[in-house]
Amino acid sequence: MTPDQWATIGRLVGWLDTANGTSEQERAMRLIKLTEEAGEVSQAYVGMVGQNPRKGVTHTAADVADELCDVIVTAAVALHSFTDDPAGTLAAKLETIAARSLPTART
């Protein structure tokens, strides 16, 4: 995410904090919301591939992508609720994953 995107996430967190507070229950609700959004990705994918014969094809790849974006934003909001530096936390985690997953140049 870019710094501008993290600034937008920060504004969303501020809006939610004002509307819902910052209790432990609110942090839990943000995690539950993430699970809900992940379910919507699955629902869109099932609809894209027509897995439900009663419904047929009801979604597109763009619908799946849109739902994935909702997951990313919701996860970023939740992350912000567990660290004062969500951008740094994500960057460090990405580096860790890259270091263990991506091939390194061998000389």
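Only the coordinates and a few stated rules stand behind these numbers; no lab work does. This is a predicted model, so every value here is computed, not measured. Note that we place each Cβ from the backbone using ideal geometry, even for glycine, and neighbour counts take in every protein chain shown.
Out of 75, 62, 87, 98, one residue alone is touching an Asp or Glu at 6+ places or on another chain (Cβ under 9 Å) and either part of a loop (DSSP other than H, G, I, E, B) or not acidic (Asp, Glu) (or both). It is 75.
Among the candidates 29, 1, the residue that is assigned to a loop (DSSP other than H, G, I, E, B), hydrophobic (A, V, I, L, M, F, W, C) and surrounded by 14 or more Cβ atoms within 10 Å (Cβ to Cβ) is uniquely 1. Is there a residue being in contact (Cβ under 8 Å) with a residue 24 or more places away in the chain, more than 13 Å from the chain's Cα centre (by Cα) and buried (at least 17 other Cβ atoms within 10 Å of the Cβ) anywhere in segment 82-99? Within segment 82-99 (the criterion being in contact (Cβ under 8 Å) with a residue 24 or more places away in the chain, more than 13 Å from the chain's Cα centre (by Cα) and buried (at least 17 other Cβ atoms within 10 Å of the Cβ)), the answer is yes, since at least one residue qualifies. Just to verify a result, which residue in segment 6-25, among those that are free of Cβ contacts under 8 Å to residues at least 40 places away in the same chain and within 17 Å of the chain's Cα centre (by Cα), is surrounded by the most Cβ atoms within 10 Å (Cβ to Cβ)? This residue is 8. The residue of segment 32-59 that is surrounded by the fewest Cβ atoms within 10 Å (Cβ to Cβ), among those that are in a helix (DSSP H, G or I) and over 18 Å from the mean Cα position of the chain (by Cα), is 49.
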